[in-house]
Structure formats: structure tokens, C-alpha cells
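The values are calculated or read from the model by the stated rules, or taken from the named source; none is laboratory data. All values derive from a computational prediction rather than experimental measurement. Counting neighbours? That spans all protein chains shown, and the Cβs are built from the backbone with ideal geometry, glycine included.
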Amino acid sequence: MGKEFKVQKGNDLLAESIDELLNSNSEKAFLFLIGQQLRGGKGKRYKNYDKLLPVRRAYQELEVNGPQDSRRIVIDTTSYDIYATRDHYQTMAHAGKPNWA
């Protein structure tokens, strides 16, 4: 995982969310965590218009703390690679992939 997403002192909801996804122990647990975010109305399909991520892939966007927050997690729904941004897609970084994937 990129150092910018490691949980540090204090409350870092983005890093904590990524850590939880990365440490899920199975695909089922991973999908459950994503589903929890989506049921809370905090996610949608990410269309990659700016081509910040590899093209021709399917992505799911998760809002970390609602639409007013600039932090987002984007998941490649085929490879389970996790990407994240703290500045609403001005910059995007690969945060890792669960060990089981």
C-alpha cells in the first residue's frame, strides 16, 4: 500500500477504509464491505473519463464520507486493485490489492 494511505495517528477515514478492504480475508468479505458502502448511498460506477486509471476496465467508486467529501476509493471490479484520491480525482494513486486476489 502506498505510504499516503497507511493508517497513522488520528482519524484518517480514507486510510482506515482502504486498510479494511486490503485486509479482507476473502472475495466474499471484500464484496460485503463494498456492498455496505453502496447500500449507504456512498458509491456509484466510476467512468474513468480522464483516463487516470487503466482503460477498458469496470470500476466502482466509493465515497469515503458522502458526496461533500473529496476522498474517494475506486475499485477495479475485475482485478480488485484499489485506487484512492484525497482531492476528488486531481491525483489518483494505487493503494494496493487484497492478498487473496
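P98 - would you say it is surrounded by 16 or more Cβ atoms within 10 Å (Cβ to Cβ), of a type outside the set (S, T, N, Q) and assigned to a loop (DSSP other than H, G, I, E, B)? Spell out the reasoning first.
On the way: surrounded by 16 or more Cβ atoms within 10 Å (Cβ to Cβ): yes; of a type outside the set (S, T, N, Q): yes; assigned to a loop (DSSP other than H, G, I, E, B): yes.
When the stated conditions are applied, P98 passes them.
Given the conditions (1) under 15 Å from I18 (Cα atoms); (2) buried (at least 19 other Cβ atoms within 10 Å of the Cβ), and given that N65 satisfies all but one, which numbered condition is not satisfied?
Status for N65: all satisfied but (2).
So is Q37 outside any strand (DSSP E or B), in contact with a Gly (Cβ under 7 Å, 6 or more places away or on another chain) and not hydroxyl-bearing (S, T, Y) or not?
yes
In region 79-95, which residues are under 21 Å from Q36 (Cβ atoms), surrounded by fewer than 20 Cβ atoms within 10 Å (Cβ to Cβ) and in contact with a Phe, Trp or Tyr (Cβ under 9 Å, 6 or more places away or on another chain)?
Selection gives Y80 alone.
Picking from D19, D69, D76, which residue would you name as being acidic (D, E), under 17 Å from M92 (Cβ atoms) and at pLDDT 90 or above? Give the steps one after another, and end with the answer.
Working: D19 fails: under 17 Å from M92 (Cβ atoms); D69 fails: at pLDDT 90 or above.
The match here is D76.
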